[in-house]
Amino acid sequence: MKEQLVSLIKSSLQQLSATYDIDKNLLSALRVDRTRDKSHGDFASNVALMLSKSLHQNPRALAEEIIAHLPHDPRIAKTEIAGPGFINFFVSDESLCATLSAMLADPRLGVAKADKPQRVVVDYSAPNVAKEMAVHHIRSTVIGDAVVRTLEFLGHDVIRANHVGDWGTQFGMLIAYLERKENESGEGMDLSDFEAFYREAKQAYDSDPDFAVTARRYVVLLQGGDPYCKAMWQKLVTMTMEQNQRIYDRLDVTLTEKDVMGESLYNPMLPGIVADLTSKGLAVEDDGAMVVYLNEFTNRDGQPMGVIVRKKDGGYLYTTTDIACVKYRVDTLKAERILYFIDSRQHQHLMEAWTIARKAGYLPANVSVEHDAFGMMLGRDGRPFKTRTGGTVKLKDLLDEAEERVSKLLEERGSALEGDIRREVIHNIAVGAVKYADLSKNRTTDYIFDWDLMLAFDGNTAPYLQYAYSRIRAIFRKTDKKPGNFILNEEAETALANKLTAFPEAVRQVGDKAMPHLLCTYLYELSGTFMRFYESCPVLKEGVSDEVRASRLALCDLTSRVLKQGLNLLGIRVMEQM
Ligand code: ARG
């Protein structure tokens, strides 16, 4: 409806442009919003306020003229001028019912595919080899995957790019240590505890000079393409990614082995990048290192920021790799939009890499690159989320604990589920709760990991939404009556109807802003609106007429389908019974 209203306003302004000189630039900013408060109608626009200044007109008078020139449209029951000059639109019940019927008949629930589908590269998850997936990788994984699912649903061509940290000087040490472990325990050693492996490797490196010599030799060999070192490196990468894949599968994340595009992929490009930056006069030598000075950023002394792209010893850096990486995504992957789900502490790093890439001509202005930053995950004490002994919290342990807690909860609630169904329900609630807790907060802020809050069956949680879904499905198990035409008599019915028709906008916003919490908020509000409807409008009760029951069943059906589809876009499963 929003788009329709925008075009109605535009055609009104078209006619007014005979009298007024309307600035085309202002028109592109023209907006129609859903109102919060029903007394202001269903939609409102500030177009008159926006134009009044440049046209030297009183905004209320201008609003009146705009309304007078609006083409007639049966979907609008009435318009009103409010406050300093807002135009409020009241949608007619017939129009609302028609929208609902169209949604009900549409497997996509009214969510249109994008007019201009884009090739979107999404950089997310990006764990490091021979390291445990840390908390910031979990956030990136969960939030990135929700946005990927949404963009694909909107018809975009999404390329998942798992920028795995699989290159760097630490690999000499890791290869040397893997070699030692294999000699001790033979083939097929278990590398399930990366944290211990990494720590021990570092210890050996720091305390054993012979080991350190080997480690340093192995880095050089690896970089030179030595087959033995390459094979050992590949083993480390494979072991890590197999372990991570188990986590992705358990978390119901859509990443696969095919999506790995690790740092090593860009390695062959790096000498060429530095040579090119040098020939373009961007990189200059400074004490043996190659440095790009950027006026856009200043260092602590207020001087232009120097970004090293090649160290004195010839080594390249994380930034050099990200410069090459963005070039690859533009040239080879043909990206039109690139999203980076990386924690906010890496913002400066990305800005430096992209500024250099722009100056070098690797990143054309029509390609949008976005740092979809997120804050930290904190414990209940407000400090970074850690185990009691200060170690990294392993995702496996976290999910095990979630499942234990959900199992207890189900017992307390007197659940009669057993066997496989029970296990599946426990898994879906546990995974859903952990993911939703992360997704439902505005990602830009830190968030507090709190078991009790995320597992509550009331409040803005996955269990609450999953439960709302299965409660609605239970209605359909109790009756063989079918949903029918929409009739909106009660206020609670109209409120639910209005909320339902806002689903497509909520989905589009997640795609535009890469912010899944907007969809979470929508689904939570939808459930609340549904509960209020369900309390005041009986569905199966005796005395409800067949037409009204059929309409209410249609509202129930549509609500459950919107909940299911919405949660699915967030990567969360619903259950018929729980
Ligand atoms: N591996 C990095 C880390 O653990 C994240 C990589 C993010 N992506 C990128 N293109 N820099 O922090």
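The values are calculated or read from the model by the stated rules, or taken from the named source; none is laboratory data. Here the structure is a predicted model, which means the values were calculated and not measured. Glycine gets a Cβ as well: all are built from the backbone with ideal geometry, and neighbour counts include every protein chain shown. SASA here: full protein model, heavy atoms, side chains in, ligands and nucleic acids out. Shrake-Rupley method; radii C 1.70, N 1.55, O 1.52, S 1.80 Å.
Quick notes on this structure:
- Filtered by the rule that a residue be touching a helix residue (DSSP H, G or I) at 6+ places or on another chain (Cβ under 9 Å), within 16 Å of the ligand (Cβ to nearest atom) and not aliphatic (A, V, I, L, M), region 257-275 gives G262, E263, S264, Y266, N267.
- Count of region 363-422 residues, restricted to those that are outside any loop (DSSP other than H, G, I, E, B), within 21 Å of P463 (Cβ to Cβ) and either open to solvent by 60 Å² or more (accessible area, probe 1.4 Å) or small (G, A, S) (or both), is 12.
- Failed condition for K499, given (1) open to solvent by 30 Å² or more (accessible area, probe 1.4 Å); (2) out of contact with any helix residue (DSSP H, G or I) (no Cβ under 8 Å at 6 or more places or on another chain): (2)
- For region 151-167, filtering for residues that are near the ligand (Cβ under 10 Å from one of its atoms), among the aliphatic types (A, V, I, L, M) and surrounded by fewer than 22 Cβ atoms within 10 Å (Cβ to Cβ) leaves 0.
- Test result for V111, at pLDDT 95 or above, open to solvent by less than 20 Å² (accessible area, probe 1.4 Å) and in contact with a Leu (Cβ under 6 Å, 6 or more places away or on another chain): no
- Per the conditions (1) outside any loop (DSSP other than H, G, I, E, B); (2) among the charged types (D, E, K, R); (3) at pLDDT below 95, the sole criterion not satisfied by R532 is (3).
- So T521, is it of a type in the set (S, T, N, Q) and open to solvent by less than 10 Å² (accessible area, probe 1.4 Å): no
- Of all the listed residues (R422, R380, R405), the sole one being in contact with a strand residue (DSSP E or B) (Cβ under 8 Å, 6 or more places away or on another chain), more than 16 Å from the ligand (Cβ to nearest atom) and of a type in the set (K, R) is R380.
- Between D322, D313, the distinction of being under 24 Å from D166 (Cα atoms), of a type in the set (D, E) and either within 15 Å of the ligand (Cβ to nearest atom) or outside any loop (DSSP other than H, G, I, E, B) (or both) belongs to D322 only.
- Screening V135 against (1) within 16 Å of the ligand (Cβ to nearest atom); (2) open to solvent by less than 10 Å² (accessible area, probe 1.4 Å); (3) touching a strand residue (DSSP E or B) at 6+ places or on another chain (Cβ under 6 Å); (4) not basic (K, R) leaves a single unmet condition, (2).
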